[in-house]
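This report refers to the structure that appears directly beneath it.
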Amino acid sequence: MRKIIIYLCFFILSGCVGYNPLFSTKKLSFYIEAIENVSDNKITRKISKNLSNNNLKIEDKKNYILKITSYKKDVITSRDSKGVASTYEMMIDVNVEVFYNDNITPIATLIINKKSNYNNQINKFNLSQYKNIIEENIIGEIAQEITIKLHSL
């Protein structure tokens, strides 16, 4: 029985030898020539920073210009018996207009909405740190989704 398990584990692990990241910068079919932050806020700047990895200019690739607008909203979703907020919901909405080769009209408009729920904490410093972590995770997901959608254009 042990030999079967060992062979099975070896067979499964040997399939992982040729792993390559799906969206590495070497294999993308596009590059981002410029990013314009329409709403000049922290979220848009962080998304731009995450997308700046795709700025490798190669002649064979499509070049895109992006105009990014983002909105963030924190909403109280529930309160305890004393009326103190117990859970929140962070919503981040991002609109990306994609332009190809300095065209005036966008070839696509990407609308991405992400949200996350979190509990209130007694220590407000820890709460603000936790909110920053949640925000960073959501921004990373949004940048990854933008990259995937640009890859499919």
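Key figures
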{"quantity": "Residue within segment 68-83 that is farther than 24 Å from LYS46 by Cβ, open to solvent by less than 20 Å² (accessible area, probe 1.4 Å) and modelled with pLDDT of 90 or more present", "calculated": "no"}
{"quantity": "Complete set of residues in segment 119-134 that are under 24 Å from the mean Cα position of the chain (by Cα) and outside any helix (DSSP H, G or I)", "calculated": "ASN119"}
{"quantity": "Tally, over segment 84-106, of residues that are β-branched (Val, Ile, Thr) and more than 15 Å from TYR71 (Cβ to Cβ)", "calculated": "5"}
{"quantity": "Residue within segment 71-79 that is in contact with a strand residue (DSSP E or B) (Cβ under 8 Å, 6 or more places away or on another chain) and among the acidic types (Asp, Glu) present", "calculated": "yes"}
{"quantity": "Cross-chain or 6+ apart pairs with Cβ under 6 Å, segment 91-118 first and part of a loop (DSSP other than H, G, I, E, B), then not acidic (Asp, Glu)", "calculated": "PRO106/VAL98; PRO106/PHE99; ILE107/VAL98; ILE107/TYR100"}
{"quantity": "Candidates TYR100, TYR64, filtered to the one that is in contact with a helix residue (DSSP H, G or I) (Cβ under 7 Å, 6 or more places away or on another chain), surrounded by 12 or more Cβ atoms within 10 Å (Cβ to Cβ) and either more than 20 Å from ILE146 (Cα to Cα) or not charged (D, E, K, R) (or both)", "calculated": "TYR64"}
{"quantity": "Any hit, segment 51-59, residues being open to solvent by 50 Å² or more (accessible area, probe 1.4 Å), more than 12 Å from GLU36 (Cα to Cα), in contact with a Phe, Trp or Tyr (Cβ under 7 Å, 6 or more places away or on another chain) and modelled with pLDDT of 85 or more", "calculated": "no"}
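The values are calculated or read from the model by the stated rules, or taken from the named source; none is laboratory data. Owing to the predicted nature of the structure, the values given are computational and were not obtained by experimental measurement. Please note: Cβ atoms are built from the backbone with ideal geometry, for glycine as well, and neighbour counts cover all protein chains shown. Ligands, DNA and RNA are excluded from the accessible area calculation, which covers all protein heavy atoms including side chains. Shrake-Rupley method; radii C 1.70, N 1.55, O 1.52, S 1.80 Å.
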